[in-house]
Amino acid sequence: GQQVMQIPQYQHVQEGEDFTTYCNSSTTLSNIQWYKQRPGGHPVFLIQLVKSGEVKKQKRLTFQFGEAKKNSSLHITATQTTDVGTYFCAVPDNAGNNRKLIWGLGTSLAVNP
Amino acid sequence: KAGVTQTPRYLIKTRGQQVTLSCSPISGHRSVSWYQQTPGQGLQFLFEYFSETQRNKGNFPGRFSGRQFSNSRSEMNVSTLELGDSALYLCASSLAQGVGSPLHFGNGTRLTVT
């Protein structure tokens with residue numbers, strides 16, 4: 001079946017360092033969504049990517065959709081303690097006619113002040 | 001605009017009991033989805049309701065059911081609770097059904113089954 005892999009599972013950085021998480025799919029995607037969940041909180045929508053090779057920026061966050069639309073990345077420049085949390089990617093379930101989302105297991109980011 | 005509201009926030013139940021969770025979506029959102037979140041399995045899709053009809057269903061046993069009312073509020077019911085049902089249950093609303101619209105999550109209901 002369709003698989004969504006997120007790497008790394010955990011990342012521990014010093015404040016000010018950069019951070020990147022990757023989301024890889026076994027199938028071509030129509031779109032991909034990214035969410036952030038703070039400890040004890042709920043997932044919050046960050047962005048949706050649709051086009052091949054698309055790059056979108058939100059302040060220190062850069063999101064990229066691969067040319068083959070099978071992978072995506074989220075890069076944070078100069079991390080801050082407010083970036084702590086788990087970052088999830090979510091993709092349409094191809095086997096289910098794209099009617100529901102399949103979620104990666106997330107990358108948990110810890111930032112040392 | 002008020003966000004997605006889930007009640008209760010915490011629940012402790014014993015095996016064999018049943019439980020009902022409630023979700024009020026953002027005003028104007030007609031799609032409500034339910035997810036189970038556990039440390040090992042991550043976010044697992046339970047079902048989606050739109051205009052009072054179940055539009056999608058995940059791979060959960062029939063003990064898990066839901067419904068949506070005419071005001072878009074939704075309830076989820078789990079019968080004959082098992083220890084493995086302990087999880088954070090998240091409700092999310094969106095403007096449209098399907099996978100094209102961003103999901104807006106509530107704070108969740110933390111269910112503990114003993």
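Read the figures in this text as sums done on the coordinates, not as results from a lab. Computed from a prediction, not measured in an experiment: that's the story for all the values here. So basically every Cβ, Gly included, is an ideal-geometry build from the backbone, and we count neighbours across all protein chains shown.
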message = Can you compute 3J(HN,Hα) from phi for each residue in segment B:34-41, using the Karplus curve 6.51 cos²θ - 1.76 cosθ + 1.60 with θ = phi - 60°, rounded to whole Hz and x for Gly and Pro?
response = 10, 10, 10, 10, 10, x, x, 9
key: the protein assembly as shown: equivalent-ellipsoid semi-axes (sqrt of 5 x gyration tensor eigenvalues, Cα, Å)   = 29, 20, 16
query = Of all trypsin sites (Lys or Arg not before Pro) in segment A:36-111, which ones are in loop regions per DSSP and have a Cβ with at most 10 other Cβ atoms within 10 Å?
reply = A:51, A:59
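If you wrap a convex hull around the C-alpha atoms of segment B:19-63 and split its volume per residue, what is the figure in Å³? Before the final figure, lay out each step's value.
Values: hull volume 4.5 nm³, N = 45.
Spelled out: Cα convex hull of segment B:19-63, divided by residues, is 100 Å³.
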task = Note down the net charge around residue A:30, summing +1 for each Lys or Arg and -1 for each Asp or Glu among other residues with Cβ under 12 Å from its Cβ.
result = +3
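For a quick check of your reading of the filter: which GluC sites (Glu not before Pro) in segment B:6-114 sit in a DSSP loop and have no more than 12 other Cβ atoms within 10 Å? Please report the intermediate quantities before stating the final value.
Working: sites: B:48, B:52, B:75, B:82; in loops: B:52, B:82.
Hits after loop and neighbour filter: B:82.
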query = Viscosity 1.567 mPa s, temperature 4 °C: Stokes-Einstein D of chain B from its Kirkwood Cα radius, in µm² per second?
reply = 93 µm²/s
P(r) histogram, all alpha-carbon pairs of segment A:9-50 included - 5 Å bins from 0, percent = 5, 14, 19, 24, 23, 10, 4, 0
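When the dipole is taken about the Cα centre of segment B:42-88, and only Lys, Arg (+1) and Asp, Glu (-1) are charged at their Cβ, what size is it in debye, to the nearest 20?
Numbers: 5 positive and 5 negative charges, 26 e Å.
So the dipole magnitude of segment B:42-88 works out to roughly 120 debye.
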message = Give me the Å³ per residue figure for the convex hull around the C-alpha atoms of chain A.
response = 90 Å³
